[in-house]
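Working notes, beginning with the structure itself.
The values are calculated or read from the model by the stated rules, or taken from the named source; none is laboratory data. For clarity, every value in this text was computed on a predicted model and none was experimentally measured. All Cβ positions, glycine included, derive from the backbone under ideal geometry; neighbour counts span all protein chains shown. To get the accessible areas, we keep the full protein, side chains included, count just its heavy atoms, and leave off ligands, DNA and RNA. Shrake-Rupley method; radii C 1.70, N 1.55, O 1.52, S 1.80 Å.
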Amino acid sequence: MRHLRLALSLLLLPSPELLADTRDAALKLPDVVISANRQVQARNDSSAANTVFTRDDIDRLQPTSLTDLLSRVPGVQVAPTGGRGSLPGIYLRGTKSAQSLVLVDGQRIANTTSGDSGLQYLNVDQIERVEVLRGSRSVIYGSDAIGGVIQVFTRRNAEQGLQPRLNLGLGSHQSWERSLGLSGGDEHTRFNLGASLDETAGINSTHTSFPSDGDRDAYRNQSVSLNLSHAFSEALEVGFNLLDSRGKSEYDNSFGRYDAATGQTVGQKPYTDYAVSSASGYVDAELNEHWQSRLELGHSENRDTKRDTLSEDFSVFNTYRDSVNWQNDLTLDDQNSLILGGDWYEDRFHGSTSFTENSRWNRAAFVQHRFHGQGFSTELGLRRDQNQQFGAQNSWSGTLTVPINPDNDVLLSYSEGFRAPTFNDLYYPDTQYSNPNLQPETSKSYELQWRSQLSDRTRLEASLYRTDLSDAIILDRTSKPQNVAAARINGFEGALKQELFGWQGNLGVSVIDPRDRNTGHTLARRARRTVSLDLDRQFDQFGVGASWQAISSSYDDEDNRHRLGGYALLGLRSSWAVSREVSLSLKVDNLLDKAYARARYSYNDPAFLNNQDYREEGRVWRIGVSWTPAL
């Protein structure tokens, strides 16, 4: 029945001749997932616990940012260091930001110096779909996918003819949002071109330490996306994807900077000029009825220049990545299929700091076999990475799926993961702050999943998991990185989708116990309990919705000296389709004007721990208008 619903959804999409590429067609569907095995499959057939947001979900939820959207995912916690555009910590199943892989249209976008991905700079207007895989996927993706994978797909076209769009929005803190786009195509060629500009005066995210620190931290984002594809036949398609986001993000340095001329610490007004971009081209070919092959070439950049309005100080950290991926999907018979593939990428660094090494390559081969039977299904995978710096690394994974009945499945899985050290860890010029002998962080994960279609209107997914981290990299007392840490993360996740009396509800619950195995302390900035609830209903042309999030307390530091208080947030939203071409939207976040913090800034000094939390926005509102004229 599940496969029949998927097939019917594909058939009911407009212009099936246009949708020769099943992958692009699937981007419109909520019940399929692409990221798990780099191929289109029903969500329930994937071994990975997953959450999917389509463009319809994004329009309905009206998220301010991509990180706002991700905070709704069970097992994902977000800890920004200020207002919009600030650096967020993304904690997926209790792992840190650098231990989860972030992709844009299949391309890695994390910079190789710090491991941060720049998710805060991706504009939601340029996004078609977001998929979140919870749990290690290192067999398919290699390094960084310990906690899971977050993949962003840029806007796509699925209809013939031209479809223009224009969106305008204004809101609190002098926020302005403007975007426009044009998509079109015929039975062979389709394209989507979009551009957006977001600006906000921001908030003062820290307590004043210097007079210059009492300002609001503004943010500006300019984004453009382009997708172009052409089907030469039903069996051969080529395409190109581009996403470029750049702008300026102000922040506070409440510690100031040392002025050698005066011998005093003085204030700063720092900001970052940033650019995050990803470009890729692909050839997708059905070589015969049993063999599908896809070749992708990609290039991504993460450029960061930090400046100070009050001085001539600046620093440049630019990283670049070229990549090639070749995957072959083989259907051996009705029950057996095989994935064979190879990856290669090279990372390069250019900046104001001269690293001892400024490039390194990684190449890999992987294979995954899947058996699908009536009484059970299995998935077994192996990957071998060869890295220029740390040598060879093997990763295994295996999953057993047992259908209890047509509507209930139980999955038992084991997976291994690893993360290669960053350029900062390995090659920083001052050997006090780098260590070329570092080895990759490794993980072993065990998971039990239950998936149940309780009724036509009720869907329940639950997971129990354990992740053991070894050789985790931390800074010792001299600030030198070492492979000395170990962690154990136990967790439970639940996701319930329910339709009742016309209301659509999505409930996510997560309970985790993330521990440092050496000290017994709770890992920093990980709340043990989180709950997220979205309720929406459509009344003809008028839609209403509400969001509620509850987060328990956490510790900001690894020594568990400072506790961040728990909090609950309530938001409301509405939309009105004035006509077939014009719609209005209104939302209010943090309706009760709750004061809360998800991170803090401080030295490793207990005396400095008072009243140093990063401020979050209070009550904020936004009103928007969309125009989609018919041509």
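So here's what we get for this one:
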read-out: Estimated inter-spin distance, Trp627 and Gln482, nm [label 7 Å along Cα→Cβ]; value: 6.4
read-out: Per residue solvent-accessible surface (Å²) - the chain, probe of 1.4 Å; value: 44
read-out: Distant-in-sequence amide H partners of Gly115 (H built 1.01 Å from N, under 5 Å); value: none
read-out: Computed [θ] at 222 nm, deg cm²/dmol, the chain (DSSP H ≥ 4; -39,500 (n - 2.57); rounded to nearest 500); value: -1500 deg cm²/dmol
read-out: Using distinct alpha-carbon pairs, which all enter the 1/r mean, Kirkwood radius of the stretch 283-424 in Å; value: 18.7
read-out: Cut-off 17 Å, label 7 Å out along Cα→Cβ of Ile404, residues of the stretch 345-387 by amide N; value: 375-377
read-out: Descending semi-axes in Å of the chain, equivalent ellipsoid built from Cα gyration tensor; value: 36, 30, 26
read-out: Longest exposed-site-free window of the chain, the sites being trypsin sites (Lys or Arg not before Pro) in a DSSP loop that have at most 10 other C-beta atoms within 10 Å; value: 1-476
read-out: Cα-Cα separations in the stretch 441-537 greater than 17 Å, expressed as whole percent; value: 62
read-out: Size descriptor, Kirkwood hydrodynamic radius, that averages inverse alpha-carbon separations across the stretch 124-165, Å; value: 12.4
read-out: Nearest-20 debye value, the stretch 296-422 charge dipole, Cβ charges on Lys, Arg, Asp, Glu; value: 340
read-out: Percent carbon-and-sulfur accessible area, the stretch 382-448, ignoring ligands, DNA and RNA, probe 1.4 Å; value: 53
read-out: Descending principal axes extents, the stretch 490-595, alpha-carbon based, whole Å; value: 61, 28, 21
read-out: Average projection area in nm² (convex hull over Cα atoms of the stretch 367-474, one quarter of hull surface); value: 9.2
read-out: P(r) weight above 15 Å for the stretch 200-289, C-alpha pairs, percent; value: 72
read-out: The stretch 387-422 versus the stretch 309-356: alpha-carbon centroid distance in Å; value: 21
read-out: Of Lys306/Lys444; Lys306/Lys497; Lys96/Lys269; Lys96/Lys306; Lys248/Lys444, those spanning more than 32 Å from alpha-carbon to alpha-carbon; value: Lys306/Lys444; Lys306/Lys497; Lys248/Lys444
read-out: Estimated Rh, the stretch 349-394: Kirkwood, alpha-carbon pairs, angstrom; value: 13.9
read-out: Selection from Thr309, Phe349, Trp326, by position along the positive dipole direction of the stretch 234-352 (Cβ); value: Thr309
read-out: Dipole moment magnitude, nearest 20 debye, the stretch 457-570 about Cα centre, only Lys, Arg, Asp, Glu C-beta charged; value: 240
read-out: Cα-centre dipole for the chain with unit charges at Cβ (Lys and Arg positive, Asp and Glu negative), debye to 20; value: 1280
read-out: For the stretch 91-185: rounded, prolate or oblate by the Cα gyration tensor [a/c cutoff 1.5]; value: oblate
read-out: Using θ = phi - 60° and Karplus 6.51 cos²θ - 1.76 cosθ + 1.60, couplings along the stretch 502-517 (whole Hz; Gly, Pro as x); value: x, 8, 9, x, 10, 10, x, 10, 9, 10, 10, 10, x, 10, 6, 6
read-out: For the stretch 417-423, Karplus couplings with θ = phi - 60° (6.51, -1.76, 1.60), whole Hz, Gly/Pro x; value: x, 7, 9, 6, x, 7, 4
read-out: Carbon plus sulfur fraction of accessible area for the stretch 337-379, probe 1.4 Å, in percent; value: 53
read-out: Rounded to the nearest 10 Å², the accessible area of Ser245 at probe 1.4 Å; value: 0
read-out: Selection from Gly85, Ile474, His562, by position along the positive dipole direction of the chain (Cβ); value: His562
read-out: Considering only the chain, percent of DSSP beta bridges that pair antiparallel, nearest 5; value: 100
